Amino acid sequence: MASAAGATFTVLFSISVTWTLITILGKAAGGKVASGDVLALILFAALNYLPTILILTSFISVLMVVTRSYRDSEMVVWFASGLSLTKWIRPVLNFGLPMVLLTAMLSFVATPWAKQKSTEYVERFEKREDLQKVSPGQFRESASANRIFFVEGADGKSPVVQNVFVNTVDEHGTAVIVAREGVITAAQNGERYLVLKNGRRYQGVPGQSDFQTMEFERYSMRVANHAQDLESDHSADALTTMALIKLTSNEARAELLWRIASPMTCLVLILLAIPLGFVNPRAGSSANLIIALLVFFSYSNLVKLVEASVKQGRFGFALSWWPLHLVAALFVLGLFAWRLNLNHRYHPLALLATFKRAGASKEGANK
């Protein structure tokens, strides 16, 4: 099981990291996050995916081992030795309980921390000055949405930029400013100004009588400071578990429900994999894996549905966090009973076989 888990985890984690890398690189290229924060944001996003990856890894690992035992006729020897299918529960729990505990730790501690740090990185970038957010060779809109900056060189640790292009739209029309160098300075009243040196300013539409052009050695413009007023307002998924318990809002209860559901889902699925792993040795084993994926996604979607209902105030938290998992546990018990009583005369498969034999006998008598 550990060997199968290692291979499965490697594949799933690689897929999730690749997808995350593509997403975050797209945001960095669009100027939504700092290029220097890409690696940290990828690590935080990977932590967010780990609980789901571990749940699916443990489920598939147990299922693959049980299915292989059936396919290689090892289960025939198992049953012929007088051992029951329930004897699989102990070794599966020895393998699965550490996975459940790790999933719980990630859900209750690591994932909220990762989301909080990711939010802080994004907010820190948004609170930077307009020119400090510009990457060389990239157009960037100012916080006031009336200026567009373009620079050929910049130093992220310094407010100085080189070869600046600024396009400004105001009540006087459109103005274009180009300069060799720009630096952000602070006035005594706290306002910040972009001081451009050795450049030109073009005002109006070329070809019209009001078109103006001028050269300057020093030109100052006030830098919009709206981004500095942003306040840190973390959502419920970025709060610690203790903070969530103290809150009574629907959003906080829904997030707490999801954190509780992760380890419970992991435990139920690894037990479900034992009876679900049955396969005819003469048939292929791919059908079981397809069914397992359908079960996993159905279970996850139902958890999300209950979470959304709690968030919208349709259901109460006290009556929402346990019924779905109880039904899933009863389904596991029913499937175990199905597999343990295959030879019972009232088992549906036995009744179907009896019906087929009776039909064949009747057809032979008619002939």
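Considering only the range 86-93, I want to know if a residue exists there that is within 30 Å of the chain's Cα centre (by Cα) and crowded, with 16+ Cβ neighbours inside 10 Å.
Going through the range 86-93, the residues within 30 Å of the chain's Cα centre (by Cα) turn out to be 92-93.
Still in the list and also crowded, with 16+ Cβ neighbours inside 10 Å: 92.
The answer is yes, given that some residue of the range 86-93 is within 30 Å of the chain's Cα centre (by Cα) and crowded, with 16+ Cβ neighbours inside 10 Å.
Among the residues in the range 192-203, are any touching a strand residue (DSSP E or B) at 6+ places or on another chain (Cβ under 9 Å), in a loop (DSSP other than H, G, I, E, B), at pLDDT below 75 and not assigned by TED's automatic domain parsing to the domain that holds residue 45? Break it down stepwise before answering.
Residues of the range 192-203 touching a strand residue (DSSP E or B) at 6+ places or on another chain (Cβ under 9 Å): 192-203.
Of the ones still in play, those that are also in a loop (DSSP other than H, G, I, E, B) are none.
No, because not a single residue in the range 192-203 is touching a strand residue (DSSP E or B) at 6+ places or on another chain (Cβ under 9 Å), in a loop (DSSP other than H, G, I, E, B), at pLDDT below 75 and not assigned by TED's automatic domain parsing to the domain that holds residue 45.
Identify, from the list 302, 294, 289, the residue that is in a helix (DSSP H, G or I), assigned by TED's automatic domain parsing to the domain that holds residue 278, within 13 Å of residue 262 (Cα to Cα) and among the aliphatic types (A, V, I, L, M).
Of the residues listed, the single one that is in a helix (DSSP H, G or I), assigned by TED's automatic domain parsing to the domain that holds residue 278, within 13 Å of residue 262 (Cα to Cα) and among the aliphatic types (A, V, I, L, M) is 302.
Testing residue 32 on (1) farther than 23 Å from residue 120 by Cβ; (2) of a type in the set (D, E, K, R); (3) surrounded by 13 or more Cβ atoms within 10 Å (Cβ to Cβ), one condition comes back false. Which one is that?
It is condition (1) that residue 32 fails.
Output the residue which, of all residues in the range 1-22 that are surrounded by 13 or more Cβ atoms within 10 Å (Cβ to Cβ) and hydroxyl-bearing (Ser, Thr, Tyr), is farthest from the chain's Cα centre (by Cα).
In this case the residue turns out to be 8.
The values are calculated or read from the model by the stated rules, or taken from the named source; none is laboratory data. On a predicted model such as this, the values are computed, not experimentally measured, just so you know. With ideal geometry, Cβ positions are generated from the backbone for all residues, glycine too; neighbour counts draw on all protein chains shown.
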